[in-house]
Amino acid sequence: MSSIKLQQLNHPNGNELTDPEVHPRQPQDDDEIPTETQQLLPVDRGYHAWSFLAAATVIEALVWGFPFSVGVLHEYWTGVKFKDRGQEGVLTTAATLQSGLMYMAAIAQGPILQSFPQHRLRLQAFGLVCGVGSLVGSAFVTEPWHLLLTMGALYPISGFFYLPAATLIFEWFVEKRGMASGIMYSGTGVGGFVFPFVMSGLIERFGYKAGMCGVAGGYAVMGGIALAFIKPRVPIAASGSGTIRHDSRRTRGTTGLLTRWKDTLLGRGSVNLVFLQRTTFYAFVGNILLSSLSNFLPAVYIPSYASDLGISKPNGTILLAIMNAASVPGLLMLGYLSDKIPLRVVISLSCFGSALSCILLWGFATNAGVLVAFVVLFGLLGLSFSALWTKLITVIARDDPTLPPLLFSIFAFARGIGNVTSGPISSALLNYSSMNGSVGGYGQHNYGPLLVYTGAMMVLGGFCGITYRS
């Protein structure tokens with residue numbers, strides 16, 4: 001998922017938790033039960049590993065690049081298609097539901113994929129169809145609430161298409177896993193840079209319906225080609241201790257699914273929940289939740305903000321593309337710094353730096369130059385915070401190899417809650433004109449309360465994050 005990395009977490013004896021040779025996985029579509037002498041394809045090198053990485057990067061760009069570019073569509077919906085309908089709140093909610101529900105759905109989609117690995121390819125294809133169907137359906141909406149169904153509810157199901165690409169990378173890369181993950185997750189920034197130009201160009205030239213159908217067609221073709229290269233490296237072992245196995249022929253029905261879900265998420269047997277007694281866990285979850293309440297809002301409102309101020313060079317589409325492009329080096333930078341300097345310093349840099357960019361740059365931006373400075377700085381520091389998830393999970397999990405999957409799901413769910421609720425909150429704030437007439441952007445078109453809220457949530461998230469105990 002967008003820029004979320006679980007990598008290089010260590011086993012108590014120093015071996016990596018995710019060593020595919022130690023923990024064989026369950027069978028995928030068309031997998032064969034191997035003989036003991038079957039040779040595995042090499043890790044970190046070779047055609048199969050690099051073709052997988054290329055395909056995974058394309059899927060990352062498609063699935064997450066589109067939600068991070070939805071501000072272009074939000075501007076069109078509010079300014080053209082549904083102008084003067086008085087339902088900006090519905091349109092904003094539809095835009096923020098995409099990423100929010102995708103994060104939250106991971107807590108269910110992951111266990112389903114793990115419980116039914118023999119259907120991995122079918123589930124991925126189903127997710128791709130839902131993503132394409134969401135784009136096609138959005139082309140033919142006639143009421144704002146229709147977008148809640150197409151963009152808001154249907155598109156997040158494409159998480160089935162994405163998740164195997166994000167998890168099978170642990171099988172293909174070991175020593176170069178950090179580099180491979182950085183390449184794959186940079187797809188979000190690349191997609192977020194390309195999508196705004198593609199969507200606005202097609203809509204401007206061919207109209208909204210044809211433009212959205214064109215985007216859906218390209219999404220389907222590129223996704224279908226990439227799907228052909230998403231293949232597992234490690235087949236199932238005939239037997240082995242420490243491997244969670246579920247026989248779908250022997251465990252059926254709702255009870256069986258719930259049992260497999262519990263075992264997949266928590267692990268079979270006892271899971272040490274002592275981390276729930278540590279303030280560090282709540283500090284990090286609070287950090288993610290609070291910052292997510294505002295982190296997505298600049299990507300939604302920057303195109304509309306530029307349009308309301310009459311800024312056309314660069315226009316909102318270009319500004320959004322610059323913001324997403326800046327997140328690519330931002331992800332690499334924050335991830336690198338988290339290994340070199342104290343984590344509190346990096347959390348402060350990301351949260352307080354992005355908050356200051358909102359308060360001082362966006363808040364006083366009435367010309368193109370200041371607005372460009374804001375989108376570059378926010379892309380570097382704000383959109384890239386998820387690069388720290390690996391480090392946060394390592395601090396909580398310590399030497400417990402059973403905790404990372406559970407912590408990952410909790411983090412994703414917290415971020416999803418923040419993203420989903422930020423839509424209605426921001427729409428409500430835009431109804432207040434108490435700051436109109438104030439200096440800079442604070443006095444423009446009711447944006448003042450929204451700007452204060454965005455910066456305040458990031459500050460609160462930063463303070464929450466740095467209160468953890470080592």
Yes or no: V90 under 18 Å from Y219 (Cβ atoms) and β-branched (V, I, T)?
-> no
Looking only at segment 365-375, which residues are in contact (Cβ under 8 Å) with a residue 60 or more places away in the chain and either among the basic types (K, R) or surrounded by fewer than 17 Cβ atoms within 10 Å (Cβ to Cβ) (or both)?
-> T366
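Quick test for you: out of A105, A95, pick the one residue that is modelled with pLDDT under 85 and within 19 Å of G416 (Cβ to Cβ).
Criteria check complete, one pass: A95.
Please determine, by comparing only the residues of segment 382-402 that are part of a helix (DSSP H, G or I) and within 25 Å of P298 (Cα to Cα), which one is modelled with the lowest pLDDT. Steps first, please.
Step one: filter segment 382-402 for residues part of a helix (DSSP H, G or I), giving 385-397.
Those left that are additionally within 25 Å of P298 (Cα to Cα): 385-390, 392.
Working: F385: 84, S386: 78, A387: 76, L388: 80, W389: 78, T390: 72, L392: 83.
The residue in question is T390.
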Pull up segment 125-146, narrow it to residues that are part of a helix (DSSP H, G or I) and of a type in the set (S, T, N, Q), then point me to the one that is modelled with the highest pLDDT.
-> S134
If a residue has to be touching a Leu at 6+ places or on another chain (Cβ under 6 Å), more than 14 Å from Y453 (Cα to Cα) and in a helix (DSSP H, G or I) to count, how many in segment 347-369 make the cut?
-> 2
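Does any residue of segment 407-424 turn out to be among the small types (G, A, S), under 20 Å from S304 (Cβ atoms) and touching a residue at least 12 places away in the same chain (Cβ under 8 Å)?
The answer is yes; a qualifying residue exists.
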Within segment 217-328, which helices (runs of 4 or more DSSP H) (wholly inside it) include 2 or more residues that are modelled with pLDDT under 85 and surrounded by fewer than 17 Cβ atoms within 10 Å (Cβ to Cβ)?
-> 253-266
Residue that is closer than 17 Å to M212 by Cβ and not aromatic (F, W, Y), where the choices are G127, G110, G133, G100 = G133
Of the conditions (1) of a type in the set (S, T, N, Q); (2) buried (at least 21 other Cβ atoms within 10 Å of the Cβ); (3) farther than 20 Å from I302 by Cβ, the single one that S69 does not satisfy is (3)
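Residues to consider are K209, K176; find the one that is surrounded by fewer than 19 Cβ atoms within 10 Å (Cβ to Cβ), modelled with pLDDT of 90 or more and among the charged types (D, E, K, R).
K209
Evaluate the following for S422: is it more than 26 Å from T78 (Cα to Cα), touching a helix residue (DSSP H, G or I) at 6+ places or on another chain (Cβ under 6 Å) and in a helix (DSSP H, G or I)? Lay out the reasoning, then the answer.
On the way: more than 26 Å from T78 (Cα to Cα): no; touching a helix residue (DSSP H, G or I) at 6+ places or on another chain (Cβ under 6 Å): yes; in a helix (DSSP H, G or I): yes.
Here the answer is no, as S422 does not meet what is asked.
Listed here are the residues, each with its yes/no results for (1) modelled with pLDDT under 80; (2) surrounded by fewer than 24 Cβ atoms within 10 Å (Cβ to Cβ); (3) more than 25 Å from S69 (Cβ to Cβ).
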residue: L337; (1), (2), (3): no, yes, yes
residue: S357; (1), (2), (3): no, no, no
residue: L377; (1), (2), (3): no, yes, no
residue: L380; (1), (2), (3): no, yes, no
residue: P404; (1), (2), (3): yes, yes, yes
residue: F413; (1), (2), (3): no, yes, no
Has segment 181-193 got at least one residue that is at pLDDT below 90, hydrophobic (A, V, I, L, M, F, W, C) and within 30 Å of G448 (Cα to Cα)?
-> yes
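The values are calculated or read from the model by the stated rules, or taken from the named source; none is laboratory data. Quantities reported herein were computed from a predicted structural model and do not represent experimental measurements. FYI the Cβ positions are ideal-geometry reconstructions off the backbone, even for glycines, and counts take in every protein chain you see.
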